[in-house]
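Take a look at the structure set out below.
The values are calculated or read from the model by the stated rules, or taken from the named source; none is laboratory data. Since the structure is predicted, the reported quantities are computational estimates derived from the model, not experimental observations. Because the Cβ atoms are built from the backbone with ideal geometry, glycine has one as well, and the counts that use them run over all protein chains shown.
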Amino acid sequence: MKLYEINPAILACIDEETGEVIDVEQFVSLKMEQTDKADNIGCLFKGLMSEADAIKHEIEILEARHKSKMKQAEYWKSYLAESLLGVPIETARVKISFRPSESVDVVDMSVIDEIFVRVKETREADKTAIKEAIKSGVTVVGAELITKNNIQIK
């Protein structure tokens with residue numbers, strides 16, 4: 001939908017995909033009043049800005065829908081993980097399985113040894129180093145290794 005009727009002679013000089021003038025000589029040599037040419041270009045600009053705003057608005061709507069659907073999907077994934085208790089299920093339409101994973105839970109940051117600390121803007125635990133240390137048998141005060149069972153839905 002176009003808001004303004006643009007002179008076809010001007011449109012013939014413009015690439016519809018990029019909006020660039022493809023034939024500068026023809027554009028410059030158009031036999032029309034400077035005011036008419038400026039009016040048409042101004043209306044072309046306003047029409048393009050209006051389309052851009054409509055697209056931006058549609059993107060915002062789609063992003064909100066995407067966020068909502070992702071939240072719903074995570075809820076149902078969590079529900080399945082809790083209700084199946086790690087027992088895999090396979091049907092003709094879906095395969096639900098579990099795989100173990102490990103993560104570090106820092107219980108008390110104040111007692112973590114400095115070799116397991118990295119400083120960005122704030123002091124934070126280097127969970128990768130802590131995990132490697134715990135797996136190699138080192139006791140890290142203030143942290144523990146947690147084994148989880150992650151659900152896989154295919």
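General observations
- Hey, E121 exposed (fewer than 14 other Cβ atoms within 10 Å of the Cβ), under 26 Å from E74 (Cα atoms) and outside the structural domain of K77 (by TED's automatic domain parsing) or not: no
- The criterion of being free of Cβ contacts under 8 Å to residues at least 60 places away in the same chain and either assigned to a strand (DSSP E or B) or touching a helix residue (DSSP H, G or I) at 6+ places or on another chain (Cβ under 6 Å) (or both) does not hold for E132.
- Restricting segment 90-102 to residues that are loosely packed, with under 11 Cβ neighbours inside 10 Å and not basic (K, R), the residue that is nearest to I151 (Cα to Cα): P100
- Test: residue in segment 58-79 that is surrounded by 10 or more Cβ atoms within 10 Å (Cβ to Cβ), touching a strand residue (DSSP E or B) at 6+ places or on another chain (Cβ under 8 Å) and without any contact (Cβ under 8 Å) to a residue 60 or more places away in the chain: no
- The residues of segment 127-144 that are crowded, with 17+ Cβ neighbours inside 10 Å and of a type outside the set (A, V, I, L, M, F, W, C) amount to a single one, K131.
- Subset of segment 80-118 [of a type outside the set (A, V, I, L, M), closer than 30 Å to T139 by Cβ and in a helix (DSSP H, G or I)]: S110, E114, F116
- Residue selected from segment 108-118 under the condition loosely packed, with under 12 Cβ neighbours inside 10 Å and touching a residue at least 12 places away in the same chain (Cβ under 8 Å), by the criterion farthest from the chain's Cα centre (by Cα): V111
- Among residues of segment 42-53 that are surrounded by 12 or more Cβ atoms within 10 Å (Cβ to Cβ), those with a Cβ under 9 angstrom from a residue that is part of a helix (DSSP H, G or I) and of a type outside the set (G, A, S), sequence gap 6+ or separate chain, pair up as L44/I10; L44/L11.
- Matching option when the condition is more than 30 Å from E17 (Cα to Cα) and either in a helix (DSSP H, G or I) or at pLDDT 95 or above (or both), among K77, K56, K46, K37: K77
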